[in-house]
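Working notes for the structure below.
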């Protein structure tokens, strides 16, 4: 009887030790690390060397977020469509998240392109026909610097050509290409964004403005998953968990129309010289799209 009691006590002690070793937040081989209930984080009172988390909990939702595929649209159901080009200025108050100093949109696009997560296209046209290679992507800032290189053994100075890195502060505007169409099946006017192009000002040697040109085009439907896994700043609520895909799909930005599809491929600035007239023409195109849907209904 005494031997059986000692055996049972040993089994109980062994089970208790195994449960402690398998406790969440207490990795095998570590001692004294006890996790806080419901958080998965180690208790600082038990482990003074806790890995800091710059938040209440570690945010994992953005990395696990999956996009919803677009609904299928039959070609026969597209009763009417209009291709529109817009310009988004990051200096407007509602557009300030695009120029967030911590992680602006241009940085997200460049990192995704360099890592091969998205494909960027050249600016020969805006039809996504000329993919950019690694060399073109590396020289996207548009300039090459001559950097001196000193040989540590002979102290001989040689010069190397290094592509200049793009400064995110140089991107102040974006061009957005989209298509508005009327879906006969649902009897609604809808919009699909096709492409996004960051714009950069070109200046002369004296710093005088010459023209504005797009750096590259991003095919938006192919970049939706990357944008869905990147959080965008929400000024009203830090826990809003708003992604860049939410920004574009819900149209949380302000922009103005610069061109609509036309036979001569003219921009508004090509036939309207005054700034006020350009804004009025852009407003007319916007109202034309709204009125098309409105006029299809009878009351």
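The values are calculated or read from the model by the stated rules, or taken from the named source; none is laboratory data. All figures in this text were calculated on a predicted structure; none of them were measured in a lab. So basically every Cβ, Gly included, is an ideal-geometry build from the backbone, and we count neighbours across all protein chains shown.
Can you name every residue in segment 147-166 that is more than 27 Å from residue 89 (Cβ to Cβ) and touching a residue at least 24 places away in the same chain (Cβ under 8 Å)?
Step one: list which residues in segment 147-166 are more than 27 Å from residue 89 (Cβ to Cβ), which gives 147-163.
The one that is more than 27 Å from residue 89 (Cβ to Cβ) and touching a residue at least 24 places away in the same chain (Cβ under 8 Å): 163.
Could you tell me whether any residue of segment 154-167 is in a helix (DSSP H, G or I) and touching a helix residue (DSSP H, G or I) at 6+ places or on another chain (Cβ under 6 Å)?
The answer is no, given that none of the residues of segment 154-167 is in a helix (DSSP H, G or I) and touching a helix residue (DSSP H, G or I) at 6+ places or on another chain (Cβ under 6 Å).
Taking only segment 224-266 into account, find how many residues are more than 16 Å from the chain's Cα centre (by Cα), part of a loop (DSSP other than H, G, I, E, B) and surrounded by 14 or more Cβ atoms within 10 Å (Cβ to Cβ).
1
When you check residue 55 against the structure, is it surrounded by 14 or more Cβ atoms within 10 Å (Cβ to Cβ), at pLDDT 55 or above and part of a loop (DSSP other than H, G, I, E, B), yes or no?
no
What is the residue count in segment 119-137 for residues that are on the phi > 0 side of the Ramachandran plot and either modelled with pLDDT under 90 or exposed (fewer than 13 other Cβ atoms within 10 Å of the Cβ) (or both)?
Number of matching residues: 0.
Mind checking which residues of segment 68-93 are within 23 Å of residue 226 (Cβ to Cβ), in contact (Cβ under 8 Å) with a residue 60 or more places away in the chain and surrounded by fewer than 16 Cβ atoms within 10 Å (Cβ to Cβ)?
70
Only one of these conditions is not met by residue 180: (1) within 30 Å of residue 79 (Cα to Cα); (2) crowded, with 18+ Cβ neighbours inside 10 Å; (3) under 18 Å from the mean Cα position of the chain (by Cα). Which number is it?
It fails just one condition, (3).
Being at pLDDT 90 or above and either surrounded by 10 or more Cβ atoms within 10 Å (Cβ to Cβ) or more than 23 Å from residue 240 (Cβ to Cβ) (or both) is true for just one of 61, 107, 146, 158. Which residue is that?
107
If we keep just the residues of segment 121-138 that are assigned to a loop (DSSP other than H, G, I, E, B) and under 21 Å from the mean Cα position of the chain (by Cα), which is farthest from residue 213 (Cα to Cα)?
In this case the residue turns out to be 133.
Kindly indicate whether any position in segment 202-221 is out of contact with any helix residue (DSSP H, G or I) (no Cβ under 9 Å at 6 or more places or on another chain), surrounded by 13 or more Cβ atoms within 10 Å (Cβ to Cβ) and more than 19 Å from residue 124 (Cβ to Cβ).
yes
Condition first: closer than 15 Å to residue 70 by Cβ, out of contact with any helix residue (DSSP H, G or I) (no Cβ under 6 Å at 6 or more places or on another chain) and part of a strand (DSSP E or B). Now tell me which residues in segment 173-193 satisfy that.
178, 179, 181, 188, 190, 191, 192
Determine, yes or no, whether residue 169 is more than 14 Å from the chain's Cα centre (by Cα) and over 29 Å from residue 93 (Cβ atoms).
Working: more than 14 Å from the chain's Cα centre (by Cα): yes; over 29 Å from residue 93 (Cβ atoms): no.
Here the answer is no, as residue 169 does not meet what is asked.
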